[in-house]
Structure formats: C-alpha cells, structure tokens
Amino acid sequence: MVFDYIDGAAGEGLGESLNRDRIQALRLQPRVLNNVEHRSIAVTVFDQPAKLPFGISPMGMCNLSSPHADKWLATFAAKHSVPVGVSTAASTSLETMIEMAQGHAWFQLYFSGNEDSSNALIKRAEEAGYDTLVMTVDVPEVGRRPRELRRGFKMPFKMGPSQVIDFALHPRWSVSALLHGRPELANFGGKYGAFERTASRAGADWTLLEKIRQSWKGKLVIKGVLSADDAVRMKSMGIDAVQVSSHGGRQLDSAPAPIECLQKIRHAVGSDFPLFFDSGLRCGEDIVKAYAMGADFVFMARPLLFAMAAEGEKGLVQLGDVLSSETSIALAQLGICSMQDIRPEMLVAS
Ligand SMILES: Cc1cc2nc3c(=O)[nH]c(=O)nc-3n(C[C@H](O)[C@H](O)[C@H](O)COP(=O)(O)O)c2cc1C
C-alpha cells in the first residue's frame, strides 16, 4: 500500500510515463577539449547559495517510507544548503522541520476550502521562521490514483483486513512502524483541527492568490503550473517564482509533458523570471536537461523516498552522491564547468 501511494500516479500513469519518455528523448551535445578540470554543481536560489542543483519537493507523510525520513531529509537539506519542501500533510510538524533543516525549509500550502484554517497555517509558518511559501495550485480536487484506491490508502491512516494482510506480508516495514509509532499528519490534531486530504480545493481562484500575495511578505512560489498564460499572469502579480510541475503525474493523466511545458513557459516569461521544475527527474543528466529547458532550480521527490525505504539515511546520502557525481560528469561531457554555463543550444536533435 505504501509503495503504491508513493509510486502511483493519476489514471493509467500515461502522463507520468510520457514525461519520462520526453525527458529521455532529449539529447545533449558533447563538446571536447575544453579544460573542464575545475567544475562546480553549486547554484543560487533566491540569491542564496545551494551546494546542489536540486532540492527536495514537498511530500505528504514521508515517514511512511521510513520512520525517520523527515529527519534525514531535513539533515540533507541543511548539509547541502538546499530547500526541503515541508508539506501541509507532513509527518513532522513544520516547526520541527525548519529547526532540523537549520532554516533550509520552505512551507508548502494546500489551500483548504476554509480560508481561516489556511491563514492560520500561513501565520504559523511565518512565526516558525519560514521565509518562503510554496502554494500548490494543481490540486483543485485530488487526482484519482487507482493504485491507492485499490489498496485502500487513506490519510489519516485506516487499518482494515486488507491492510493487516499487507503489513503481515511486509514484516520489515511493519515492525519498524510498530516500534516508532504510526506516522501522523503532524501539522494537524488538537487545536489545529483535522486535515481532510480529499477535501475539495476547487474554490481557490486568482482573487485568493492576490490576497495571499498581499498578506505573505516573504517569497511566494506557485507550484503546479503547466500553462504559459497562467505563468505570465503570476509573474505580473508579483509572484516570486513558478514551479512547473505535473505533481509527478499524480493529478491530470492527460496533461502535456511538464518538461516541454517548461520550455514554453520559459519563452513566455523571459529569461530573468525564476522558474523551478519538478516531475520525473531521475538522474544527473535529467537535471542538466531541465536546466537546459529553462529551469533555474529543480526538485526531486519519489527517488528520495525510495532511497530511504531501501537503505535508510545511508541510501539518501548515497543517492545525493550519485546525483552529484552524474551531474558533474555530464557538465564535463558538455565541455562546461558550471550549472550557469548550461544553455538551451546544448539540446540537439538526434
Ligand atoms: C508520496 C508523495 C507525496 C506528495 N505530496 C505532496 C504534497 O503534499 N504537496 C505537494 O505540493 N506535492 C506533493 N507531491 C508531489 C511532489 O512534490 C512532486 O511534485 C512530484 O512528486 C515530483 O515528481 P517526482 O516524484 O517524479 O520527482 C507528492 C509526491 C509524492 C510522490
């Protein structure tokens, strides 16, 4: 059930695989005999130095993958000075996450139908010291994800006969969950009320965004944009960055490939407006391709949870090393020494 929650996508998963196909089909032009001995994969995000060219996309209930997943992600973010996205539906409270990440945390807001409770969350994030708010806008309704539905995945967690059988068949996961306690929606409960994952957010509109822009004084990132017109409108409203994303293919199965939307959106908003990207990045060359398609910074999600589910913190560290090394080697093959040297012209037809 947990694997299907993490790995699953909307509908038949065609949108997710289309994006992977399009990323894989992109070709990078090698160049030779440039001295590429001294390379760096560091970048800046909102004028802050980041040691890696990718951050951690917000994910709900990360501790389902492994009981200490949130802590390890926060530690990773602090070590590499990259942002960890802290989901509204996180399994560790937003206050604890920013502390463990030593400030390298961005709060992700799922606007709820209840404006007061959303405003209360925004206020809490501000008081906890967050300076960047990521508002996710591609979930007016939660996408239908058949693999989750088939397994009876619910948030908060519900145990029925099929879950008992599932857990019995996966003793390593179950024993560890028993020892560390059931993961909770840590930003909710008690005086903070309940989180209803499948609640409709269909009432959110441009007026709401305008209000949030006016009330949030820090950086405001809008996540889940695939339309150039929407991105241009956000830019004109004073949004600080747009995160091009299909939610990892978890929302509209028939959406266009986000990697191609990224290029269109870059053309529409011009070269200076900050664009972030997530969805379907799986290796260092993918990261380089996303930068060549117009991203200023990228985020990853599922691979991090899988690394921790397989090998705990060691798995996450190893994944970080592999991605860094692959990205640096890709730069060398392109004949360049930094992420800032990546140009759209490096993408070629095969
Ligand atoms: C298990 C899981 C939970 C997620 N929860 C959230 C969330 O709470 N908020 C959000 O904005 N995006 C959420 N996402 C979407 C990711 O932030 C991201 O957009 C997407 O997964 C990136 O694609 P990738 O997994 O292919 O790297 C979630 C994704 C996964 C896999």
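Every number in this text was worked out from the coordinates using simple rules, so none of it is lab data. As the structure is a prediction and not an experimental result, all values here were calculated from the model. Every residue, glycine among them, receives a Cβ derived from its backbone with ideal geometry; neighbour counts consider all protein chains shown.
Highest mean first, what order results for 160-169, 5-14 on Cβ atoms within 10 Å? Don't skip to the answer; put the middle values down first.
Working: 160-169: 12.1, 5-14: 18.1.
Per-residue Cβ counts within 10 Å, averaged per peptide and sorted highest first, yield 5-14, 160-169.
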Subject >> Gap separating the Cα centres of the stretch 14-46 and the stretch 177-198, nearest whole Å >> reply: 38 Å
**OP:** For the stretch 46-82, state which chymotrypsin sites (Phe, Trp or Tyr not before Pro) are in a DSSP loop and have at most 14 other beta carbons lying within 10 Å of their beta carbon.
**Re:** none
Original post:
Across the stretch 185-197, in residue order, what do the Karplus-derived ³J(HN,Hα) couplings come to in whole Hz, using 6.51 cos²θ - 1.76 cosθ + 1.60 with θ = phi - 60° and x for Gly and Pro?
Top reply: 7, 6, 8, 10, x, x, 5, 8, x, 10, 10, 10, 4
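Under 8 Å for C-alpha pairs, at least 6 residues apart: give me the relative contact order for the chain, rounded to a whole percent. Mind showing how you got there, number by number?
Numbers: 642 pairs, mean separation 96.2, N = 350.
Normalised by residue count, the contact order of the chain is 27 percent.
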Original post:
Anyone know which of ASN34, ASN19, ASN63 comes out most mobile in the 10 Å Cα GNM of the chain?
Top reply: ASN34
Original post:
Out of residues 5 or more away from VAL45 or on other chains, whose amide H comes under 5 Å of its own, with H placed 1.01 Å from N in the peptide plane?
Top reply: ALA50
**OP:** Using per-residue counts of other Cβ atoms within 10 Å, averaged over each peptide, order 301-309, 150-158 from highest down.
**Re:** 301-309, 150-158
**OP:** For TRP106, enumerate residues with amide H under 5 Å from its amide H, sequence gap 5+ or separate chain, H modeled in the peptide plane.
**Re:** VAL84, GLY85, VAL86
Original post:
What is the ratio of the Cα radius of gyration of the chain to 2.2 N^0.38 Å, where N is its residue count, to two decimals?
Top reply: 0.97
Original post:
Mind checking which of LEU109, LEU121, LEU178 has the largest fluctuation in a GNM of the chain, springs on alpha carbons under 10 Å?
Top reply: LEU178
Subject >> Qualifying GluC sites (Glu not before Pro) for the stretch 22-106 [loop in DSSP, other Cβ within 10 Å: at most 16] >> reply: GLU37
**OP:** Within the stretch 202-283, report the trypsin sites (Lys or Arg not before Pro) that DSSP leaves as loop and that have at most 10 other Cβ atoms within 10 Å.
**Re:** LYS217
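Helix-only estimate, please: 222 nm mean residue ellipticity of the chain, summing -39500 (n - 2.57) across DSSP H runs of length 4 or more and dividing by its residues, to the nearest 500. Walk me through the numbers before you get to the answer.
Working: 13 runs with 148 residues, N = 350.
So the calculated ellipticity at 222 nm is -13000 deg cm²/dmol.
With contacts defined as alpha carbon pairs under 8 Å and 6 or more residues apart, what's the relative contact order of the stretch 202-350 in percent? Don't jump to the answer; show the numbers that get you there.
Values: 186 pairs, mean separation 27.0, N = 149.
Contact order relative to length: 18 percent.
Distance cut-off 27 Å, Cα to Cα: go down the list LYS191/LYS235; LYS79/LYS289; LYS154/LYS219; LYS217/LYS264; LYS123/LYS223 and report the pairs above it. Before the final figure, lay out the partial values.
Values: LYS191/LYS235 36 Å; LYS79/LYS289 25 Å; LYS154/LYS219 32 Å; LYS217/LYS264 29 Å; LYS123/LYS223 20 Å.
Cα-Cα > 27 Å for LYS191/LYS235; LYS154/LYS219; LYS217/LYS264; rest within.
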